[in-house]
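Here it is, the structure in full.
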Amino acid sequence: MLFQLSEEQLMIQQAARDFAQNELKPGVIERDEHQKFPAEQVKKLGELGFLGMMVSEKYNGSGLDALSYVLVMEELSKVDASASVVVSVNNSLVCYGLESYGSEFQKEKYLKPLASGQQIGAFCLSEPEAGSDATSQQTTAEDKGDYYLLNGTKNWITNGSTASTYLVIAQTHKELKHKGINAFIVEKGMEGFTVGPKENKLGIRGSDTHSLMFNDVKVPKENRIGEDGFGFKFAMKTLEGGRIGIAAQALGIATGAYELALEYSKQRKAFGKPISDHQAIAFKLADMATQIEAARLLVYKAAWLKDQGQSYTLAGSMAKLYASKVAMDVTVEAVQIHGGYGFVKEYHVERLMRDAKITQIYEGTSEIQKLVISRDILK
Ligand code: CAA
Ligand code: FAD
């Protein structure tokens, strides 16, 4: 077992760390406060090749491995999870889905601008009545010969108003249940496609979350991904990798909060000595560091399995389940270590605590990860 990053991985990690400090940190508090999408920063992330990291160079990607992607997610998330979720959705849901299952036409037309960061994508599975229970899709895609007629509503869509390309899951053959579901590429501006108002959220407030409405949208047949009825498998296979990205996001949020708490504890004095000299605080730090290290091992292992071409369903779900719990626990303790200062915005930890919560909800709640894990270990 080699617990060592390559020269290239270390360079990518450093580039992401520098970007987070120099480009994301300034303004992160204001963007959170005003729910401002980090548009300029996302453009620069595209220029750095961070929006199509694992896509082959043939389709304008960076041709890197999943571990490099995880390192970037971790570094960006230490500072700004609203920016890192754009990286996660674009890379591991949209680009991965298109490169793995799209036709040559779809890769040329849609994947190339997404992988180069010229455009942003969105992944649209959740609905008002179908979140965890994703097979209960109510959005319909009626087969009309050379096109599909799309009708329905998607909820909570990340990059909802900033995306140009949307991967939309919909039911075509209701009687076949999940085997009748399809996945489609929908373009912004298609007639009948409207974007609802931005959600006002607890965390990742800079992220652009919207509902989407489809009213008789004509989607050309060549925009269906894979064979008729492949849509649910498409969503599940794509989410397997997405969950590694969100696990890395959770790891980054936890690490960011821990590093701030560690530093603060050495500077803040109480009862004549740094608070880190009080064992109650030192032990909190010890627990936080240990939890983070365990989460990191799970996350890196899941990415490593993906890079080895081995199954990573179980590892990805375990990584997401555990890292998101660690993100919650560690950020709460980071606020505690900061005392009253932790409760105000300038010290960053309250935002990290609010941002941590979403990692237990999206891309499959913690309960759904337990369902996936328990089904796997019991089969
Ligand atoms: N790979 C391939 N196929 C899979 C699969 C996988 N990982 N998981 C399930 N399937 C297949 C099953 O084999 C089955 O097909 P067959 O009948 O042909 O064998 C079919 O899918 C249905 O599976 P189940 O019978 O297990 O269905 P279920 O309803 O009991 O459970 C579920 C399915 C795992 C709960 C699923 O609905 C799920 O993952 N829900 C969570 C949804 C989710 O993660 N949403 C995230 C939205 S995206 C997002 O959130 C992005 C963001 O925030 C940034
Ligand atoms: P529900 O499914 O209604 O769950 C409610 C509660 O019941 C949860 O605690 C859940 O774990 C529990 N529960 C449900 N079923 C079971 C069960 N069988 N066993 C045990 N417990 C269960 N979706 C997209 O498709 N694309 C996106 O880009 C996207 N971005 C998002 C961004 C944000 C900020 C948010 C908040 C959500 C986003 N989502 C997105 C949706 C997200 O994936 C769903 O919210 C999530 O899957 C849960 O679905 P739900 O909200 O309908 O909750």
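Against the definition (of a type in the set (Asp, Glu) and in a helix (DSSP H, G or I)), how does residue 74 come out, yes or no?
Taking the combined requirement at face value, the residue satisfies it.
Here's a follow-up. In region 328-379, what residues are farther than 21 Å from residue 248 by Cα and within 16 Å of ligand 1 (Cβ to nearest atom)?
Within region 328-379, 374, 375, 376, 377, 378, 379 meet the criteria.
Check every one of the helices (runs of 4 or more DSSP H) wholly within region 259-373 and list those with 2 or more residues that are closer than 30 Å to residue 131 by Cα, within 16 Å of ligand 2 (Cβ to nearest atom) and not acidic (Asp, Glu).
Qualifying helices (runs of 4 or more DSSP H): 313-338, 349-358.
Another question, if that's okay. What is the one condition in (1) within 13 Å of ligand 1 (Cβ to nearest atom); (2) not in a strand (DSSP E or B) that residue 154 does not satisfy?
It is condition (2) that residue 154 fails.
Give me the residue from region 23-60 that is β-branched (Val, Ile, Thr) and part of a helix (DSSP H, G or I) and, out of that set, surrounded by the fewest Cβ atoms within 10 Å (Cβ to Cβ).
Quick first cut of region 23-60, residues β-branched (Val, Ile, Thr) only: 28-29, 42, 55.
The next check asks that each one be part of a helix (DSSP H, G or I); those that pass are 28-29, 42.
Working: 28: 22, 29: 14, 42: 22.
The qualifying residue surrounded by the fewest Cβ atoms within 10 Å (Cβ to Cβ) is 29.
Answer yes or no as to whether residue 359 is modelled with pLDDT of 95 or more, surrounded by fewer than 17 Cβ atoms within 10 Å (Cβ to Cβ), of a type in the set (Ser, Thr, Tyr) and at negative phi.
The answer is no for residue 359.
With on the phi > 0 side of the Ramachandran plot and within 16 Å of ligand 2 (Cβ to nearest atom) as the only criterion, which of 244, 225, 204, 253 stands out?
204
Still on this structure, I have one more. Any residue at all in region 176-199 that is more than 13 Å from ligand 1 (Cβ to nearest atom), within 17 Å of the chain's Cα centre (by Cα), crowded, with 19+ Cβ neighbours inside 10 Å and not small (Gly, Ala, Ser)? Explain how you work it out, then say what you get.
If we filter region 176-199 for residues that are more than 13 Å from ligand 1 (Cβ to nearest atom), which is where we start, we get 182, 184-198.
So of that shortlist, the ones also within 17 Å of the chain's Cα centre (by Cα) come out as none.
No; the residues of region 176-199 include none that is more than 13 Å from ligand 1 (Cβ to nearest atom), within 17 Å of the chain's Cα centre (by Cα), crowded, with 19+ Cβ neighbours inside 10 Å and not small (Gly, Ala, Ser).
So if I check each of 238, 153, 140, which one is among the polar types (S, T, N, Q) and away from ligand 2 (no atom under 15 Å from the Cβ)?
140
The values are calculated or read from the model by the stated rules, or taken from the named source; none is laboratory data. Computed from a predicted structure; not experimentally measured. FYI the Cβ positions are ideal-geometry reconstructions off the backbone, even for glycines, and counts take in every protein chain you see.
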